[in-house]
1. Considering only the range B:38-89, how many residues are under 21 Å from B:Asn260 (Cβ atoms), of a type in the set (Asp, Glu) and buried (at least 16 other Cβ atoms within 10 Å of the Cβ)?
2. Evaluate the following for A:Lys123: is it open to solvent by 40 Å² or more (accessible area, probe 1.4 Å), touching a Lys or Arg at 6+ places or on another chain (Cβ under 9 Å) and among the charged types (D, E, K, R)?
3. Taking the condition under 30 Å from A:Asn52 (Cβ atoms), in contact (Cβ under 8 Å) with a residue 12 or more places away in the chain and of a type outside the set (A, V, I, L, M, F, W, C), does A:Gly195 pass?
4. Suppose we keep only residues that are acidic (Asp, Glu) and either open to solvent by 70 Å² or more (accessible area, probe 1.4 Å) or not in a loop (DSSP other than H, G, I, E, B) (or both) within the range A:14-32. Which one would you say is modelled with the highest pLDDT?
5. Residues of the range A:1-37 being more than 30 Å from A:Asp258 (Cα to Cα) and hydroxyl-bearing (Ser, Thr, Tyr), which ones?
6. Which one is farthest from the chain's Cα centre (by Cα), of the residues in the range B:33-85 that are over 15 Å from B:Phe219 (Cα atoms) and of a type in the set (Lys, Arg)?
7. When residues of the range B:270-296 are filtered for being within 9 Å of chain A (Cβ to nearest Cβ), more than 23 Å from B:Cys222 (Cα to Cα) and open to solvent by 70 Å² or more (accessible area, probe 1.4 Å), how many remain?
8. For the range B:210-240, what are the residues that are of a type in the set (Asp, Glu) and at pLDDT 95 or above?
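The values are calculated or read from the model by the stated rules, or taken from the named source; none is laboratory data. Remember, predicted model here, so these are calculated numbers, not experimental data. Cβ placement follows ideal geometry from the backbone for every residue including glycine, while neighbour counts extend to all protein chains displayed. Protein only, heavy atoms only, side chains kept; ligands, DNA and RNA dropped before computing areas. Shrake-Rupley method; radii C 1.70, N 1.55, O 1.52, S 1.80 Å.
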Protein chains: 2
Amino acid sequence: MLKVPEHQVAGHIASDGKLGPLVDDQGRFFKPLQGDSRGEHEAKFYESFTSNKKVPYHIRRYFPVCHGTQLVEASDGSGKLPHLVLDDVVSVYSNPSVMDVKIGSRTWYLDVSEEYFKKCIKKDRQTTTVSLGFRVSGFKIFDHQESSFWRAEKKLVLGYNADGARLALRKFVSSNSPADSNLTPNCAFASEVYGGSNGILAQLLELKDWFEIQTLYHFNSCSILMIYENESILMKEGDDAPEARAEVKLVDFAHVLDGNGVIDHNFLGGLCSFIKFIKDILQSVDKRDETDTSLLENGR
Amino acid sequence: MLKVPEHQVAGHIASDGKLGPLVDDQGRFFKPLQGDSRGEHEAKFYESFTSNKKVPYHIRRYFPVCHGTQLVEASDGSGKLPHLVLDDVVSVYSNPSVMDVKIGSRTWYLDVSEEYFKKCIKKDRQTTTVSLGFRVSGFKIFDHQESSFWRAEKKLVLGYNADGARLALRKFVSSNSPADSNLTPNCAFASEVYGGSNGILAQLLELKDWFEIQTLYHFNSCSILMIYENESILMKEGDDAPEARAEVKLVDFAHVLDGNGVIDHNFLGGLCSFIKFIKDILQSVDKRDETDTSLLENGR
C-alpha cells in the first residue's frame, strides 16, 4: 500500500489527485519520473553515482540509496508510471523534524533555455539564493507540547531575507512553541542537533571537504535535508547521551551535470555560507550557556 | 613625473589621451576616481578597510596600501582630478610577470540597475565567470629569451573556456616562448611560483581561511593579481633558494559592499575553484618530475 509521504516539506506534493512521491511501509520512497526529461536525468544521475568508484565511501551516507526504477500506480490516478525507488530517509524516525535547504547562489546553469534561465534567476533574486547562497524551501517541527507537527508556511518561507533564514534555523532547533511567532526561539536542541561530533555541523564540514576537491558532478538546484528527532532528546533528558539522530541528506538530482574537471563552486560557496549560519547559532548558544553558568556560580 | 603603468594587464589603460591610472618613480600608483560614484565607492572602501580593526594583520599584506586621495593631472588632459594614491604593487620587481583574475561566479549584485545587471550577466555567461567561478582578465609574461614582455591578447583571453583558462595558468609559469602558441607550456616555474610555503597556493589558502569566516565585506567584481619575477629564478638556477617573489594581491574595490553578517560566498566559491586549478597544475608537475626521476634511475 502506497501513501502520500507525511514528512515531505518541499517539492511536488501528491495530494488532491496531483502527481507526487509516494512511500510504502517498508521504508521505500517512490518518486515519479517527471515527464520533461528531468526524471530521466535524475535516474541517470543515481545510476552513475551508485556505480562511481571515485565517490568515497564516507560520502555515500549523505545520499539516499537508490534501488532503480519501478512501474507504480501514480498518485494522480493516471495509471502505472515509472518511479525512482529510493530509501525513505525519514522512515526510521518516529516524529522527525525536517528542513529542506536549496544550496547554491543560482539554480540555473549554462545549458538551460532562456525561459528557464529567466524563471530561475527571478526567483534566485527574490529569495535568499543570491544573497546567502542558499534558501530555505520548507520545514516542519514536531511540537512535543501539542504532540503534532507544525509546518512553516511556504509563502512566508520563500519571502525570507537573511534575518528570516537565521530565525528559521534557530526555530528549527527550539523547544518552545513553533506556532507562536512572538516567542524568541530558545535553541534548546541546538547543541545536540547542530553541534557535537555526529551533529549537523560535523556532517556539513565532511561534505565541504569533499566539495573542495570533487570534480565529478555539479549539483545544480540540489537540496540539503536536515532531519532529527526532538522527542528522543527530551525523553533522554538527564541521560549522558541524548540521541537527536541528526542527519544531513542531499536530495533532488534532476539538474546534476558532469563536473568536467571543475569543482562545484556554486554549491560549495553556498554550503560554506550555510555552515557559517549554523556555526553562528552554535556560538551564540555557547555564549549564552557560559553566561548562565557564570550567573549560577555568582549566585551561589 | 607621472607616467602610464608599464605592467597593467586589465582595466582602463591611460594611453592615447584616455583616462587611466598613472605611476610615479617612488612606487605610487594613482588611480583616477571614476565619475559615476564608483571611484568614491572605492575610496570609501579603502578608508573603511584601512581603519577596520577586525581585519587580521596577516590579511593586510594581500591588499595594496592606500595613502588617501590626491589631486593629480589626469592622463586624459582634462586637468587636475582626484586620484586614489596606492602603493604600486609591482614597483619592487624588475620584470614582473603579472596575471589579473576576476574572482566570483557573478560580477553583479542585488542593488544594481537592470541595465548594469544585464550587461554583467551577459559577460559572466560568455566568459568563464559562471562556469569556473573566475575569469582571467589579462596577463603578461617576461620572455627572458627575447628580453621583452609578451602580452596575451585581450580578445583571446575573454574567449577562454575551461581549457583555455587552464592553459593560460600553465603558460603563465612556463619558460618556453609565450609567443609560440604551438608550444606546450613547460611549467618550468610552477613549483617555485605556485608551490612552496611562500608561493601563490599558500597565499590563496590563507585568503580562503579568512573568507570562510569574514562577514565584513563582499568583494563583488574584485580581482586577484598574481605577480612574480621569472628572471630571478633563472639567475639563481642551482641555488638552494630561488626567489620568485610570488605575490597575490587583491585589487579593484569599486563594487565592494558591506557583508552584513554573511560571508562572501560568491568570492569564496570562485576562489576555491581557482585554488583547485592551481593545485591540479602543481600535481601534474609533481607527477612529471617523479616520472623523470624514475626514468633517470632506471637508465643508470
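1. 1
2. yes
3. Working: under 30 Å from A:Asn52 (Cβ atoms): no; in contact (Cβ under 8 Å) with a residue 12 or more places away in the chain: yes; of a type outside the set (A, V, I, L, M, F, W, C): yes.
No; evaluated as a whole, the condition is false for this residue.
4. Step one: of the range A:14-32, the residues acidic (Asp, Glu) are A:16, A:24-25.
Subsequent filtering for residues that are either open to solvent by 70 Å² or more (accessible area, probe 1.4 Å) or not in a loop (DSSP other than H, G, I, E, B) (or both) retains A:16, A:25.
On the way: A:Asp16: 74, A:Asp25: 91.
Going through the qualifying residues, I end up with A:Asp25.
5. A:Ser15
6. Ranking the qualifying residues of the range B:33-85, first place goes to B:Lys80.
7. So the answer is 0.
8. B:Glu212
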